[in-house]
Amino acid sequence: MGKTEKIELKKLARRTGIVSDTDHAPTLNLKQKLKKTSYPKTGNLHNRIDRLHFFMLQEAPKAITKLEVRQRVFAFINFCLAIVIALLVYIIVEPISDILPKFFSGERFAIVDALVNVVTAATIVLFAVRQILRELCQQIVKDLMDDLHSLIHLLDMHQLAKGDEIDTETRLVIAETILICGKVAAHVNNSSDDPYVLASIKHLESYSELVATRIITTAKG
């Protein structure tokens, strides 16, 4: 799952800059498009596109890897816990041939109590571990979404602050950059099924579309 997202992010990064010497986008990337506008050859907009490019190639893939590791850790803990529960149950009811006589005698209450305690303890441990890993995953995604949200805000403020100094083509480049921010969030979406994470990502996607649509409408109006 995560490997696919990383490959897709690398493909998406071709829209912001050259990924490697052998990777060539079929259309102009954002840096190339920006050079065709009246925007200066150097400036904050160039830096922010580079920031998004680096984000897609380095930071987002690392975050996806961290999410995968935490999910594997949770699966491993589940497996270990299942083994421990099975061993404890075996110890409690062993030997198996005597379980029915024990159950129909006065020992059944002790057996049932021991089994209930094992299941209860296992459930508490599982819940605690799941909650810890869930919060760690939420923090990873929150940091990613905060970075993307901040970048979108800076891009939007940049085109607002410049006013008439920025031509239509430059605004369209800014709008496309913002839309790509939303697409980056969509790829992270596939690495988690946590409701909080999904809500944060959906919010970022919607926010990027709204801001980009407003900029495009203004530029063409």
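Applying a threshold of 28 Å to the alpha-carbon distances of K142/K162; K66/K183; K31/K183; K62/K162; K33/K220 flags K142/K162; K62/K162 as lying beyond it. With both labels modelled 7 Å from their Cα along Cα-to-Cβ, the A186 to D167 distance reads 3.0 nm. With a Förster radius of 41 Å applied to the beta-carbon distance between E59 and I83, the computed FRET efficiency rounds to 0.65.
Computed from the C-beta positions of N47 and V112, the FRET efficiency with R₀ = 41 Å rounds to 0.05. Protection proxy ranking of 208-215, 176-183, by the mean of other Cβ atoms within 10 Å over each peptide's residues and highest first, is 176-183, 208-215. Applying 0.36 nm per residue to the separation of V129 and L210 and subtracting their alpha-carbon distance, the gain on full extension is 25.4 nm.
Averaged over residues, the count of other Cβ atoms within 10 Å places the peptides 44-50, 159-165, 84-90 in the sequence 44-50, 84-90, 159-165, highest first.
A cut-off under 13 angstrom between Cβ atoms defines the neighbours of C181, and their net charge, with Lys, Arg +1 and Asp, Glu -1, is -3.
A short reminder: the numbers here are calculations on the coordinates, not readings from a lab. Because the structure is a prediction, the values reported are computed rather than measured. Don't worry about glycine lacking a Cβ; one is built from the backbone with ideal geometry, like all the others, and counts go over all protein chains shown.
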